[in-house]
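Beneath this line is the structure, given in structure tokens, with notes to follow.
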Amino acid sequence: MSVSIRTVGLTMTSFENVTIPSRDIQYIIDIERLEKAVSAISSGLKCETRQNCYGVWIEDVDGNVFMDCYSGIAVCSMGHCHPEIVEAITKQTQTLIHMCGASYYNRHMSQLAKKLDELVPIKSPTRAYFATSGAEAVETALKLAMYHTKRQRFISFIDSYHGQSLGTLSLTAMNKNDQVGYMRKVLDVVHIPYPKKLHSPFGNVTDDESASRATINWIENIVFKTTTPAEEVAAIVVEAVQGAGGYFPSPASFLPELRRICNENGIILIIDEIHSGMGRTGKMFATQYYDIEPDIICLAKGIGSGLPIGVCTARADIMDWPQRAHASTFSGNPVCIAAALKTIELLENGLVQNAHTVGNYLKDRLAKLLDKYECVGDVRGLGLMIGVEIVESKETMKHVPELRDKIEIECYKRGLLIFGGGANTIRWAPPLILTKENADIAVEIFDAAIHASI
């Protein structure tokens, strides 16, 4: 099968003969030197790529070609080196590369802020703060919630991921290694089980909606009445779709119920759409599936198509702090904003719809593996944000992370890049330019990888 990548005019063939490349001595030395010189952040495969990646394709140093269904953790939403993104970035670098937004405004900041005011699921007027990462956007939201409410406590959820800076680490709750060695939490945060029927800690949970009711009940009738009075909570921070925790969409009633709780108790509702926002779920924002308005929304990853930009957008009456209350040297970088504006243009011109259409097609193809393999326990997701649960059996639904990891490696051997999440999920977050033909090849490889792993 051959696949045409229309966005960049490149044609590639099937991946049947792709294998793990043989590394020469120089390459091994380079990897060892890198691991000695760079902070220990990588926990996955060591794959060095060339600089000629296009669309959904990545080429490594030995010329092996991979289909990318990982997108640098949902960042390269337009695919690699999309020509219109490259053009927008290049054009901007020829006129202005940096002007500190904390000292001098530039027109790019107002253009993106205005566009987001039109798009975000928050009633206008809004205000935006431009950051350089998702964690920084969340840190901004936390400070803003404390400033506005004059409260200091927060509610977050088990298996959530909001960053690894000291403030956001207080919210994050998915991996022991994220927490060990950092002593006390910076913020006062209580963590609540995220509502999902799989492995729920609550009794009598039969589906996601009953899990949602159990979680809401725990907040209102246990947490608020014992350790954390509602009148002391500044904000509830939640992902519309849990990202690193395994791609679990919120149950239909959950976000509306959180909105009700916040309205009744003067609590700020912060929705983290860093992973799920900017078209990834088949709508511009995953929150739009639930017909509610957050008070603050945090964005990053896909908004910059690979450039480092995060955004905290809030109701204008909430983001009412004085000048210099919060600032950053690189806030409002014009090159990053140029990439974001072009990304939004491409999303509005068909790629949000493509994420919906091709995402449903890919999920349906993956769902067929439920009947084929006992180890495939669940297929879920919205748009091109899909999680496949790898289990011991459908009867036990027991976590088997070692099998999940083996399947991931077998995919890599065959030329497919996917990535793990939560305890035993394989996550799919391909570029939003993915075609149905691309999806067919990806599922064919995934099927073969599972077969080779069991």
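The values are calculated or read from the model by the stated rules, or taken from the named source; none is laboratory data. Keep in mind that what you see is a predicted model, and the values were worked out from it rather than measured. Cβ placement follows ideal geometry from the backbone for every residue including glycine, while neighbour counts extend to all protein chains displayed. Ligands, DNA and RNA are excluded from the accessible area calculation, which covers all protein heavy atoms including side chains. Shrake-Rupley method; radii C 1.70, N 1.55, O 1.52, S 1.80 Å.
A few notes on this one:
- When every residue of the stretch 179-197 is checked against the conditions, none turns out to be of a type outside the set (Ser, Thr, Tyr), under 29 Å from Ala327 (Cα atoms) and within 18 Å of the chain's Cα centre (by Cα).
- Residue satisfying all of: in the stretch 314-346; basic (Lys, Arg) and more than 23 Å from Val237 (Cβ to Cβ); surrounded by the fewest Cβ atoms within 10 Å (Cβ to Cβ) among these: Arg324
- Residue among Leu403, Leu341, Leu366, Leu362 that is part of a helix (DSSP H, G or I) and either assigned by the TED database to the domain that holds Ala300 or at positive phi (or both): Leu341
- Flag if Leu299 is over 21 Å from Glu345 (Cβ atoms) and either in contact (Cβ under 8 Å) with a residue 12 or more places away in the chain or not aliphatic (A, V, I, L, M) (or both): no
- All positions within the stretch 65-89 that are aromatic (Phe, Trp, Tyr) and either assigned by the TED database to the domain that holds Pro308 or open to solvent by 30 Å² or more (accessible area, probe 1.4 Å) (or both): Tyr70
- In the set Ile409, Ile433, Ile445, only one residue is closer than 24 Å to Gly72 by Cα, open to solvent by 40 Å² or more (accessible area, probe 1.4 Å) and not assigned by the TED database to the domain that holds Asp208; that residue is Ile409.
- Residue match in the stretch 157-177 (condition: open to solvent by 10 Å² or more (accessible area, probe 1.4 Å) and more than 25 Å from Ala74 (Cβ to Cβ)): no
- Residue-level check: of (1) in a loop (DSSP other than H, G, I, E, B); (2) open to solvent by less than 20 Å² (accessible area, probe 1.4 Å); (3) of a type outside the set (Lys, Arg), Gln92 misses just (1).
- Members of the stretch 222-247 found to be farther than 30 Å from Gly383 by Cβ and surrounded by 24 or more Cβ atoms within 10 Å (Cβ to Cβ), listed by number: Val233, Ala234
- Subset of the stretch 358-376 [without any contact (Cβ under 8 Å) to a residue 40 or more places away in the chain and under 23 Å from the mean Cα position of the chain (by Cα)]: Lys363, Asp364, Ala367
- Pick from the stretch 60-89, criterion assigned to a helix (DSSP H, G or I) and of a type in the set (Asp, Glu), ranking: farthest from Ala355 (Cα to Cα): Glu87
- Between Ile216, Ile274, the distinction of being in contact (Cβ under 8 Å) with a residue 60 or more places away in the chain and either in contact with a Pro (Cβ under 9 Å, 6 or more places away or on another chain) or buried (at least 22 other Cβ atoms within 10 Å of the Cβ) (or both) belongs to Ile274 only.
- Here Ser156 meets each of (1) among the hydroxyl-bearing types (Ser, Thr, Tyr); (2) under 20 Å from Glu239 (Cα atoms); (3) free of Cβ contacts under 8 Å to residues at least 24 places away in the same chain with one exception, condition (3).
- Among the residues of the stretch 124-162, the one identified as of a type in the set (Gly, Ala, Ser), in a strand (DSSP E or B) and under 30 Å from Ala214 (Cβ atoms) is Ser156.
- The stretch 435-454, subset of a type in the set (Val, Ile, Thr) and within 16 Å of Val388 (Cα to Cα), residue farthest from the chain's Cα centre (by Cα): Ile454
- Within the span defined as the stretch 256-272, every residue fails to be modelled with pLDDT of 95 or more, part of a loop (DSSP other than H, G, I, E, B) and either in contact with a Phe, Trp or Tyr (Cβ under 9 Å, 6 or more places away or on another chain) or among the acidic types (Asp, Glu) (or both).
- Residue in the stretch 372-390 that is part of a helix (DSSP H, G or I) and surrounded by fewer than 21 Cβ atoms within 10 Å (Cβ to Cβ) present: yes
- The listed residue being outside the structural domain of Asp378 (by the TED database), open to solvent by 20 Å² or more (accessible area, probe 1.4 Å), among the polar types (S, T, N, Q) and closer than 26 Å to Thr425 by Cα, out of Ser210, Ser200, Ser250: Ser200
- For first residues located in the stretch 179-192 and surrounded by 14 or more Cβ atoms within 10 Å (Cβ to Cβ) and among the charged types (D, E, K, R), partners that are assigned to a strand (DSSP E or B) and at pLDDT 85 or above and lie 6+ apart or on another chain with Cβ distances below 9 Å form the pairs Asp188/Arg153; Asp188/Phe154.
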